[in-house]
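A short worksheet on the structure shown next.
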Amino acid sequence: KHATNLTEEGVVEFTGSKDTSAEKPTVSIMENLSLTTNITMANNTAFTIITDPSRNLGLNMEAGGTFTMMQRPYQSPRLNGRLEISKGDYTINLSGIKRKFQIADSSSIVWYGNISQPELKLRAYYQVRTSPAELMGPENQQTGTLPFIVNMEISGSLANPSFNFRLSLPSEYE
């Protein structure tokens with residue numbers, strides 16, 4: 001079983017199962033309840049997904065979408081739907097370097113059933129001014145700095161994301 005909690009700040013927390021072997025069994029109307037509901041989240045609804053609570057890392061976004069949530073007797077809740085992200089940021093910590101990437105508006109999070117295992121389809125970027133000398137080798141005569149864009153694609157599940165990085169320059173510098 002999974003539990004879902006809504007905090008005062010509007011943060012939804014999904015928690016795993018707990019050991020209930022020492023608890024007395026109870027009979028509830030919920031045990032026989034079969035429920036299907038459609039949920040519509042208005043565009044530009046602000047919320048946060050915490051990916052690493054110990055380091056305060058996560059995804060802040062404005063998004064909207066439609067979902068179908070199903071609850072069947074003796075089963076974990078199921079969620080199907082797509083969350084379209086209009087803007088936001090993703091804070092990541094790599095080798096002790098913490099950076100805030102801006103989320104591109106073509107990003108989404110998709111649920112295919114398991115409420116705690118959404119599929120990530122995120123594109124984000126971070127702009128940094130630095131010298132191209134280290135990237136282009138010692139034969140490079142470029143002095144000064146250029147505005148490089150660090151592009152990050154995040155895919156996979158929320159529990160096990162996959163990160164791919166790519167460097168680019170704004171079109172006026174290519």
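The values are calculated or read from the model by the stated rules, or taken from the named source; none is laboratory data. If you're wondering where the values come from, they're calculated on a predicted model, not measured in any experiment. Cβ atoms come from the backbone with ideal geometry, glycine included; neighbour counts cover every protein chain shown.
Listing for the model above:
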{"item": "ILE92 being in a strand (DSSP E or B) and at pLDDT 90 or above", "result": "no"}
{"item": "Residue check, PRO118 touching a residue at least 60 places away in the same chain (Cβ under 8 Å) and either more than 21 Å from ILE50 (Cα to Cα) or buried (at least 16 other Cβ atoms within 10 Å of the Cβ) (or both)", "result": "no"}
{"item": "Test: residue in segment 47-54 that is surrounded by 13 or more Cβ atoms within 10 Å (Cβ to Cβ), at positive phi and in a strand (DSSP E or B)", "result": "no"}
{"item": "Matching entry among ARG99, ARG82, ARG129 (being free of Cβ contacts under 8 Å to residues at least 24 places away in the same chain and part of a strand (DSSP E or B))", "result": "ARG129"}
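Yes or no, residue by residue, for (1) in contact with a Pro (Cβ under 7 Å, 6 or more places away or on another chain); (2) modelled with pLDDT under 85:
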| residue | (1), (2) |
| --- | --- |
| GLY81 | no, no |
| ILE97 | no, yes |
| GLY137 | no, yes |
| LEU146 | yes, yes |
| VAL150 | no, no |
| PHE165 | no, no |
